[in-house]
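Here is the structure we will look at.
Rule-based calculations on the coordinates, nothing more; no lab input. Everything quoted here is computed from the prediction, not taken from an experiment. We place every Cβ from the backbone using ideal geometry, glycine too, and count neighbours over all the protein chains shown.
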Amino acid sequence: MSEETNSKNFIEMIIDKDLEEGKYDEIHTRFPPEPNGYLHIGHAKAILVNYGLAKEYGGKFNLRFDDTNPTKEKTEFVDSIKADVEWLGADWEDRLFFASDYFDQMYEAAVKLIKKGKAFVCDLTADEIKEYRGTFDTPGRNSPYRDRSVEENLELFENMKNGKYADGEKVLRAKIDMASPNINMRDPVIYRVAHMTHHNTGDKWCIYPMYDFAHPIEDAIEGVTHSCCTLEFEDHRPLYDWVVRELEYPHPPKQIEFAKMYLTNVVTGKRYIKKLVEDGIVDGWDDPRLVSIAALRRRGFTPSSIQNFVNLCGVSKSQSSVDYGMLEYCIREDLKLSRPRVMAILDPIKLIIDNYPEGETEYFEIPNNLENESLGTRKVPFSRELYIERDDFMAEPVKKYFRLYPGNEVRLMNAYFVTCTSYETDGDGNVTCVHCTYDPETRQDGREIERKVKGTIHWVNAATAISATVRLYENLIDEEKGVYNEDGSLNLNPNSRTVIENCMLEPSLADAKAYESFQFVRNGFFCVDYKDSKEGSLVFNRVVSLKSSFRIG
């Protein structure tokens, strides 16, 4: 076996075999979300796996909304899903479809099954159907309505379509095998009555197909060759194959299942997120503490970082959990060489250089990223009064503290050496201002200074600083307690978001636009919040800190 073959995942091996045997001329995949909520990181894997296969084999990729359940679906979710898929870089070109586009064909398919004696109208209630179905250990029992004639079934199904029955009064079931060891094959329901307005078809229909019936028909109509889905559908595959076989599609699609992506200590369940939104614990489906794709984008994750994450996780049949730290690793690796490094003070105190000329301002030419010269340089103003971080000064320093304290000399990053001479406090003893002197002979200008100091601190020029709000995030879940309490509620971390007002940033950030991201020196990577930022009043979300204990390999 060649190294190339050995490195392929099991889906690629199946596709290679199908192409070699001439089962398909080209590869055609799809991503089929139900528009009943926002997509999350697990969906990103499904999107990128299906799109990646189409791209790898020079085939086609469809985006299709499985909108067969009008009780939960909204146009808002359709729009958000389209935006997410497009942002991830999965190009469906002109192939945007809806299951509801095929409702007429699905109805005709159901009629065909009735005429073949493979489907019947059943009057049992949902509870009775469940009782008749049996268990894993005992076979099911035939419905008393199973042997209705073809003519009666056609008439009843037509009456269902014409709205003559109440919701739940009748269903159409496939006639397969009530003794099957696979419960999904025990005469499953394929149509139900639902007097609901549909977001796409309005009030045209009052019967709707079940997902397990609709999905294989959609795939077959669109010419999908490999219908890749997650492992919970593995037991449904015999029904998928039965539908395409009984409906006699000339080029039946093939369903393949792979393992879902599970992240440790995160919330992905739609009902939990919905409750968090409704209770005001998060500020929407795109709150940066969530792992919906919209939330990750708002926080500052990039498509390439998520693509790298999915690639690192791989494709297999084995269920496993992935450390959230791996996702952070991927965004950190993506941003560290591609984003400018700027100075921002999150907890500012004033620093006054007493021997610096009053009213004078000079500019330092500072590289935007020392590891990526192509990002160029910027001019940063410097004058007598600056802001520094509060924890960069200690009146009574602890052992091995190398930053500012009375009598100590440090380097102001990219500027001068300064020595602390005194400090001021307020009535509560909090330091409000630090006084220093500077050595004009230590101006950086890219040259080495013979005298060495152990500490370097960053700064922002006070006169030109811009004020901004910064939000720091921790996991929404209390990691020590796990995701869920015994009663099923979430173990929430009360410190999952810290909002810091009046942070002082260098003036190069004044024109930062929504979704732009930067490395704030020593503080992490930050992204301009698209929702809450306004002109002259920027809000930055911390994407990720600079360091982590997580390692690849």
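Within a straight-line Cα-Cα reach of under 20 Å, Lys175 can be paired with the following lysines, leaving aside sequence neighbours fewer than 8 residues apart in one chain: Lys112, Lys115, Lys116, Lys118, Lys130, Lys161. Taking 22 Å as the limit for the C-alpha separation, the pairs Lys17/Lys82; Lys74/Lys170; Lys8/Lys45 exceed it in the case of Lys17/Lys82; Lys74/Lys170. Between Tyr191 and Leu172, Met210, the built amide H atoms are under 5 Å apart, and every one of these is 5 or more places off in sequence or on another chain.
Of all beta bridges that DSSP places with both ends in the chain, some 70 percent have antiparallel geometry.
Charge dipole of region 344-458 (Cα centre as origin; +1 on each Lys and Arg Cβ, -1 on each Asp and Glu Cβ, all else neutral): 360 debye, rounded to the nearest 20. Relative to the longest principal Cα axis of the chain, at what angle does helix 324-335 sit, 0 to 90 degrees, rounded to 10? Taking Cα atoms only, the helix is inclined about 60 degrees. In plain terms, the C-alpha convex hull of region 344-458 casts an average shadow of 8.2 nm² when viewed from every direction. Rounded to the nearest 10 degrees, the inclination of helix 237-246 to the longest alpha-carbon principal axis of the chain is 50 degrees. Under the simplified labelling scheme, the Asp167-Arg447 pair shows an inter-label distance of 8.1 nm, with each label point 7 Å from Cα along Cα→Cβ.
Students often get this wrong, so try it: which of (i) 1.04; (ii) 1.27; (iii) 0.95 is Cα Rg over 2.2 N^0.38 Å as calculated from the structure shown? Answer by label: (ii). Neighbours of Val315 by Cβ distance under 10 Å: Lys/Arg scored +1, Asp/Glu scored -1, total +2.
Sorting 165-176, 283-294 by average packing, meaning the other beta carbons within 10 Å per residue, from highest down gives 283-294, 165-176.
Relative to the longest principal axis of the Cα atoms of the chain, helix 103-115 runs at roughly 30 degrees. Here the Karplus relation 6.51 cos²θ - 1.76 cosθ + 1.60, evaluated at θ = phi - 60°, turns the backbone of region 273-283 into coupling constants of 5, 4, 5, 4, 5, 5, 7, x, 6, 10, 9 Hz, with x for every Gly and Pro. For Lys399, a cut-off of 17 angstrom between C-alpha atoms picks up these aspartates and glutamates, skipping any fewer than 8 places away in its own chain: Asp391, Glu409.
Are any of the pairs Lys72/Lys270; Lys336/Lys547; Lys270/Lys317 more than 19 Å apart by Cα-Cα distance, and if so, which?
Correct reply: Lys270/Lys317.
For the chain, a simple Cβ point-charge model (Lys and Arg +1, Asp and Glu -1, everything else neutral) yields a dipole of about 520 debye relative to the Cα centre.
Net charge near Glu360, counting Lys/Arg +1 and Asp/Glu -1 over other residues with Cβ under 13 Å of its Cβ? Counting the neighbours of Glu360, the net charge comes to -2. Taking amide H positions as placed in the peptide plane 1.01 Å from N, state which residues far from Leu490 in sequence (5 or more) or on other chains have amide H under 5 Å from it. Result for Leu490 returns Asn485.
With a Förster radius of 30 Å applied to the C-beta separation of Arg378 and Glu535, the computed FRET efficiency comes to 0.90. Across region 414-420, coupling constants 3J(HN,Hα) worked out from phi with the 6.51/-1.76/1.60 Karplus curve, θ = phi - 60°, read 6, 10, 10, 7, 10, 10, 6 Hz, and Gly and Pro carry x. Only helices enter the 222 nm calculation for the chain: every DSSP H run of n ≥ 4 contributes -39,500 (n - 2.57), and dividing by all residues gives -7500 deg cm²/dmol, rounded to 500.
Ordering Lys547, Lys379, Lys45 by the number of other Cβ atoms within 10 Å of each residue's own Cβ, fewest first, gives Lys547, Lys379, Lys45. Residues whose amide H falls under 5 Å from that of Arg378, counting only those 5 or more places apart or on a different chain, are Ile366, Asn368, with hydrogens built in the peptide plane.
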